[in-house]
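The values are calculated or read from the model by the stated rules, or taken from the named source; none is laboratory data. All values reported here derive from a predicted model rather than from experimental measurement. Backbone-built Cβ (ideal geometry, glycine too); neighbour counts: all protein chains shown. Quick note on the areas: whole protein, heavy atoms, side chains included, nothing else; ligands and nucleic acids left out. Shrake-Rupley method; radii C 1.70, N 1.55, O 1.52, S 1.80 Å.
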Amino acid sequence: MASTPELTQITHGVFAWLPGQPSAWGLANCGLITFQGRALLVDTPYTPALTDVFLKAARAAAGPSVPLDRVVVTHANGDHTWGLQQLPGAQVFATEAALKHQCLEPTPEQLHLLAHDSDPDRPLGWYFRRHFGEFDFRGIDVMPPTDTFTGRLDLTVGEMPVELHEVGPAHTVGDLIVHLPEQRVVFAGDIVFSGDHPSHWAGPLAAVASACRRILDLGPEWVVPGHGPLMAAEELGRHIAYLDDLSDQAYLMHGQGRSAEDAARVLLKEGRYAGLGLPERLAITLSTEYRHLDGDSAEPDLLALADGAARIAWERASMPPRTS
Ligand SMILES: [Zn+2]
């Protein structure tokens, strides 16, 4: 794994670990908030090996005597939670909905099989090997949060106030954001993606956009997205415009009787959101949006959603190069 970054200091006592490269799945950002001899981590990486890298950097930034014994988990996806076993005994904060959602996630064993033992000549196997083949998911115990809440929970790190706001269902059913009012920083989890198309599993897009607007209303100077580079408030404004437009396009194409996957193909063909990585993830977010437009309240089949994205990526990889 090429990503072994140090922490980036955002302001006094607030650090982000930003391992992501463009067009990469799974390399989630994490955070360290440390003040007056106390610390709070925001999320953990995907695997124990990556978590050890993050914790080494966090230990260096926090100092040797500061206990790393509290973690906020922004949502239940494995790329934000599967490192928790490297922090035995830690207090882990999450929303009640995130705890309930955890059992719907693919297990580390399932993901390991998909990434290493699936058929490379089929879209899903090809796609998982390509995007998850570098991760070793063996030996991961999925750890539940120890402290759950609904609505809002206020914590402190030393005397620094830290607000946890539940904003889901949006990206998943159990999302929260971490607001540091004095430092004007928000850790947004996967409510916000930077650089790549998001993949939203719960939706609808209006709920994700509304969560983004709640972040803007907090007046942050910096937003740490779940994936990709740090964002200033103006950039978050542009991301909201993308979410609003995608919601409109989904509504239109659903009304025209197109499937979600075809709607993704149409938007990609017209180059509507050029410049964002992982364009095939439109199939995931549009399928989620269609579920809402259809009034379908069944739990999403996450692997079926990933399969739709894999088919689009497979098609795009098989396309002849453009001649002009
Ligand atoms: Zn994520």
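Couplings 3J(HN,Hα) for segment 174-179, derived from phi with the Karplus relation 6.51 cos²θ - 1.76 cosθ + 1.60 (θ = phi - 60°), are x, 6, 9, 10, 10, 10 Hz, where x marks Gly and Pro.
Distant-in-sequence amide contacts of residue 10, defined by a placed amide H-H separation under 5 Å and a gap of 5 or more residues or a different chain, comprise 15, 16.
Here the scattering of segment 1-120 is modelled by Debye summation over its C-alpha atoms, one equal scatterer each and no solvent; at q = 0.11, 0.16, 0.17, 0.19 Å⁻¹ the log10 of I(q)/I(0) is -0.38, -0.77, -0.86, -1.05.
Across segment 203-324, C-alpha contacts under 8 Å between residues 6 or more apart give a mean separation that, scaled by the residue count, equals a relative contact order of 24 percent.
Taking every alpha-carbon pair in segment 233-303 and binning the separations at 10 Å intervals from zero gives 18, 52, 26, 4 percent. In the chain, the calculated helix contribution to ellipticity at 222 nm averages -11500 deg cm²/dmol per residue, counting -39,500 (n - 2.57) for every DSSP H run with n ≥ 4. Across the protein chains, with a 1.4 Å probe defining accessible surface, the residues 30, 103 rank 103, 30 from largest area downward. For the chain, the Kirkwood estimate of the hydrodynamic radius, built from every pair of different alpha carbons, is 19.9 Å. P(r) tail, segment 66-215: Cα-Cα pairs separated by more than 20 Å, 54% of all pairs.
Taking the Cα centre of segment 105-229 as reference, the dipole from Cβ charges on Lys and Arg (+1) and Asp and Glu (-1) amounts to some 360 debye. Loop-resident GluC sites (Glu not before Pro) (DSSP state other than H, G, I, E or B) in segment 224-324 with no more than 11 further Cβ atoms inside 10 Å of their Cβ: 270. Taking every DSSP bridge with both residues inside the chain, close to 65 percent are antiparallel.
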